[in-house]
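Only the coordinates and a few stated rules stand behind these numbers; no lab work does. These numbers come from a predicted model, not from an experiment. All Cβ positions, even for glycine, are placed from backbone atoms using ideal geometry, and neighbour counts span all protein chains on display.
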Amino acid sequence: MTQIYADGFMNPWLIRLQNAQVRLGSEILLKNTSLRIDAGQHWAILGNNGSGKSSLARLLAGELPVCGGTVDYQSGKRPDGVAIVSLESQKALIDHDRRFDSSEDGEGKPDTGRSVRTAILDDWVESSVFRHWVEVFALQELLEQGIGTLSTGEGRKMMLCRALVKSPKLLILDEPYAGLDQVSRVELIEILADIAAKGISLVQVACAEDELLPCISHVALLENSHLLQSDERSEVLESKEYAAISQIDVEEKWQLPKAGDENKSLQWDQQYPLIELKNVSVIYEGKVALTPTSLTIRPQEHWQIEGPNGAGKTTLLSMISGDNPQSYANDVKLFGRQRGSGESLWDIRQRIAVVSAAFQMDYRLPVRGRDVVISGFFDSIGLYQNYSGQQMAIADEWLAALKIEDLAESRFTELSYAQQRLLLLARAMVKHPTLLLIDEPCLGLDVPNTRRILNLLDTIAKQTHTQLIYVCHDPEQKLDCITHRLVLS
């Protein structure tokens, strides 16, 4: 016999929002939002970048307080039994470690943060549940490794394990595929299907219909921080509202600023390669982060670096950018000079710029958009130096060229993920770098913004003297400008 609860529903509710709204900075989000999630249901929060998806997810998880309306949990006022896995929660964990980071441990080695085991347990006692999820996510060999050494995909698996050891009733997944290669993505879908079948309700934050997990039964559709619809999956995906927000704009035409005389000092003798790595390798705490790899990049070449999670793609970029201390112990030549031959890190960074999802997570200061772009001249997070009128003019040229001049006075932390990414690309390009390192540039972006970024990168390769090194997992996110590929295993 089917049980009917006192409120007329067939299943007990887990979370109820009634006219809820939150404040982020000076802006009111999710005005008068009402939503009910019942046990046995699996929801998707769907919408484009800037629609308020992550804010709704954080509200459900109890990470954002309401400034109007109510949020009720089955377990009481506190969100017991609710866990969230997101880039924000992963960043918070890393930031906590950095606050206590002395840069070196007692033996003079770099501090790589707490161990994966400690991060997963989070003051919980080891149990059969812990051992089960560690085995499911194949983290056994990483348990004693510092979280600061994990690849993007390994970090995502650790955060999922960290959430599940607490046996939540509701698991919120904000862009769960972010940073995962194709094999890991398929494996994760299978794991989440098993989790759903065992009675844990899922809430998935996604940008597009083709990202939705097969188990998703209901969809909450957002636009401009407004809940347009919340209904069964088929009802929402077949609606005119979803059709309207999922339209893809035509590709934009870009006209980028030219490099000025101030960039002449960055030239080097082009009889030498830009980058020359010979059998470089990296080992952290006994674990191989990069197997012996050789790479030579010559003028006018654009490279794509591919490989599964943990293959060492991001580590390889850190060897090129000068951010990895083990580059001194390897045969690394940058712009014709041996690493460690007297060049400064400033010399390297004048010629190289980096844009990545990880760097975007680090750039969490509420500074103006124009200041973010100008900080590219100084390779700083934030702006702490006086700048010239010429530098401000160049920054404004790039803001206009990328059609984001309206963000000049906006606070970086109050912008959408896609708007932040465009600002960081402008920041990278103000100095017209010789080499632009692009690590998963479309991570977390919706389809229109993904096409926009890819088109912009191809234009940078075509209209400027900047060469690209491009790291990407998604085979659909291709750049036409790529001339060479390196595949790590």
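Quick one: of the DSSP bridges fully inside region 13-245, what percent are antiparallel, nearest 5? Antiparallel: roughly 60 percent of the beta bridges in region 13-245. Ranked by the mean number of other Cβ atoms within 10 Å of their residues, highest first, the peptides 214-224, 87-97 come out as 214-224, 87-97. Ordering I191, I352 by the number of other Cβ atoms within 10 Å of each residue's own Cβ, fewest first, gives I191, I352. Contact order, relative form, for region 13-245: 29 percent (alpha carbon pairs under 8 Å, 6 or more residues apart, mean separation divided by residue count). In angstrom, the C-alpha Rg and Dmax of region 265-487 are 17.1, 50. For the pair H226 and Q182, label points projected 7 Å from Cα toward Cβ lie 4.0 nm apart.
Let me know the shape class of region 391-489, please: from the alpha-carbon gyration tensor, a ≥ b ≥ c as square roots of the eigenvalues, rounded when a/c is under 1.5, otherwise prolate if a/b is greater than b/c, or oblate. Oblate shape, in that a/c is at least 1.5 and b/c is the bigger or equal ratio.
In terms of overall dimensions, region 153-227 has a Cα radius of gyration and Dmax of 12.7, 35 angstrom. If one computes P(r) from the Cα atoms of the chain, what percent of pairs lie at distances over 33 Å? For the chain, the fraction of Cα-Cα distances above 33 Å is 41 percent. Can you tell me the relative contact order of the chain? Whole percent, Cα pairs under 8 Å, sequence separation 6 or more. Contact order relative to length: 16 percent.
Shape class for region 107-197: oblate, because the ratio a/c of the largest to smallest gyration tensor axis (alpha-carbon atoms, square roots of eigenvalues) is 1.5 or more and b/c is at least a/b. What's the FRET efficiency of K198 with Y272 using the Cβ-Cβ distance as r and R₀ = 35 Å, to the nearest 0.05? For K198 and Y272, the calculated efficiency is 0.05.
Ordering W124, W254 by the number of other Cβ atoms within 10 Å of each residue's own Cβ, fewest first, gives W124, W254. Kirkwood radius and radius of gyration were both taken over the C-alpha atoms of region 13-245, and their ratio Rg/Rh is 0.98. Antiparallel beta bridges, as assigned by DSSP with both residues in region 265-487, represent about 45 percent of the total such bridges.
Considering only beta bridges that DSSP places wholly inside the chain, some 50 percent are antiparallel. For region 360-402, a simple Cβ point-charge model (Lys and Arg +1, Asp and Glu -1, everything else neutral) yields a dipole of about 140 debye relative to the Cα centre.
Once the Cα-Cα distance is subtracted from the 0.36 nm per residue extended length, the H465 to E414 segment shows a gain of 15.1 nm.
Computed log10 I(q)/I(0) for region 287-383 at 0.10 Å⁻¹: -0.33, from the Debye equation with unit scatterers placed on every C-alpha and solvent omitted. Placing +1 on the Cβ of every Lys and Arg and -1 on the Cβ of every Asp and Glu, with nothing else charged, gives region 13-245 a dipole about its Cα centre of roughly 760 debye.
Note: relative contact order over region 269-332, using C-alpha pairs below 8 Å and six or more positions apart, is 36 percent. Put a dot 7 Å past the Cα of A400, heading toward its Cβ, do the same for V136, and the two dots end up 5.5 nm apart.
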